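See structure below.
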Amino acid sequence: MLILGIESSCDETGVALVETGAGAVPRLLAHDLHSQIDMHRAYGGVVPELASRDHIRRVLPLTESVLWQAGRALADVDWIAYTRGPGLAGALLVGAGVACAMAAALDKPTLGIHHLEGHLLSPFLSSDPPEFPFVALLVSGGHTQLMRVDGVGRYELLGETIDDAAGEAFDKSAKLLGLGYPGGPALSRLAQQGDAGAFKLPRPLLHSGDLDFSFAGLKTAVLTQARKLGDALESRKADLAASTQAAIVEVLVRKSSMALKQTGLRRLVVAGGVGANALLRQELDAACTAGGVRVHYPELHLCTDNGAMIALAAGMRLQAGLASIGPSDDPSRNPYAFDVRPRWPLAELVS
Ligand code: KG4
Ligand code: ZN
């Protein structure tokens, strides 16, 4: 079965084709991506209206490119999957609208996919795919969650951030340091030249005993420190960046280790944009090796948003017999109706 996947929840338009085979993890045939980073950079962050308009411009050329790369025609596609949420409403509507219009024209079914489920399952496309069950650390620009994953659609939330996400902590701290957008990669690049022990920054909720996170206080601490430094900030920026990164990473690693201990599971999956962070990978590798735990990451280029994870999640859902997560799957409804879910807790997916 051939599945076309479309991702348009934020600032990346991603399209991919996967093929499912009996019993095997769906195979990625082709994927293509357009990142809007250059367009949003001038504004210091994502401008939702510009994002939507750019998705409109990119989605069909990307679809053509993916079909061409895979040597397939649109008529060969059996299912069309799209990101139904969470994300920016206007941006989501572009991918959903195009997917559902194509599906109506081709008389094919659609599947609305949860963006975080895409991230969560994305390591299955790596050369070292995980096996269920595992603990998942989901660290993106909008979410920080620890989940117990027993199978496709079998997710139990163990803990999450009570305020900012880890990616947001990277982005906001980077902005305070004048590093621009997107902040995560910029801050981690600068941190390589700094001393992580130079500044004492808070590790919120580190000893709370539960698996929740809080990162909002960190950016205030970074701001206070930057103000204190005044003119000296310029020469200490790399130290402050390194100290900030170390604080975020320490909390993520410690809470992941706690989640593994609490569940008794010996496998960790890391997903979402912050999963591309080199220090996080290094520290998680060290902690997991010490604890006898296997850790799995998505391929580096599939850590941030992409269409491959959406097509993959659709393929794995179909294989698991879990195809109905969108209104378009309900035959009693108008076949042309679709919706998006800008806010959509992953827990609602649980089968
Ligand atoms: O998963 P993602 O692409 O989009 C969302 O679904 O939110 O994650 C984007 C987030 C941003 O906050 C970005 O700054 C962060 O991932 N990020 C990083 C790195 N690469 C991306 N944070 C730290 N280090 C990185 N290398
Ligand atoms: Zn994402």
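The values are calculated or read from the model by the stated rules, or taken from the named source; none is laboratory data. This structure is a prediction, so every number in the text was calculated from the model and none was measured. So basically every Cβ, Gly included, is an ideal-geometry build from the backbone, and we count neighbours across all protein chains shown. Only protein heavy atoms, including side chains, enter the accessible area calculation; ligands, DNA and RNA are left aside. Shrake-Rupley method; radii C 1.70, N 1.55, O 1.52, S 1.80 Å.
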Cut-off under 5 Å, modelled amide H: who pairs with Phe213 long-range: Glu160, Thr161, Ile162
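Using a 1.4 angstrom probe on heavy atoms only, work out the carbon and sulfur share of the accessible area of the chain in %.
Values: 7670 of 14500 Å².
Carbon with sulfur: 53 percent of the solvent-accessible area.
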Mind pulling up the Rg/Rh value for region 195-295? Radius of gyration and Kirkwood radius, both on Cα. 1.03
I'd like the distance separating the alpha-carbon centroids of region 178-255 and region 114-136, in whole Å. 28 Å
Given 273-280, 337-344, the highest-first ranking by average Cβ count within 10 Å works out to 273-280, 337-344
Return a single number: how many Lys pairs in the chain, at a sequence separation of 8 or more or on separate chains, have alpha-carbon atoms below 19 angstrom apart. 13
Averaged per residue, what accessible area in Å² does the chain show with a 1.4 Å probe, protein chains only? 41 Å²
Helix-only CD estimate at 222 nm, as mean residue ellipticity for the chain, using -39500 (n - 2.57) per DSSP H run (n ≥ 4): -13500 deg cm²/dmol
Between 0 and 90 degrees, rounded to the nearest ten: what's the tilt of helix 216-229 against the longest Cα principal axis of the chain? 40 degrees
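Taking every DSSP beta bridge that has both residues in the chain, what percent is antiparallel when rounded to the nearest 5? It would help to have the intermediate numbers written out before the result.
On the way: 26 of 43 bridges.
Approximately 60 percent, going by the DSSP bridge assignments.
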Note the angle between two axes, namely the Cα long axis of helix 48-70 and the longest principal axis of the Cα atoms of the chain, as a number of degrees from 0 to 90, rounded to the nearest 10. 60 degrees
With axes computed from alpha carbons, what is the tilt in degrees of helix 308-319 against the longest principal axis of the chain, rounded to the nearest 10 within 0 to 90? 60 degrees
Normalised by the residues of the chain, what does the relative contact order come to in percent, with Cα pairs under 8 Å and at least six apart? 25 percent
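Highest first, please rank the peptides 163-173, 229-239 by the mean number of other Cβ atoms sitting within 10 Å of their residues.
Numbers: 163-173: 24.7, 229-239: 13.8.
Most protected by this proxy first, the peptides run 163-173, 229-239.
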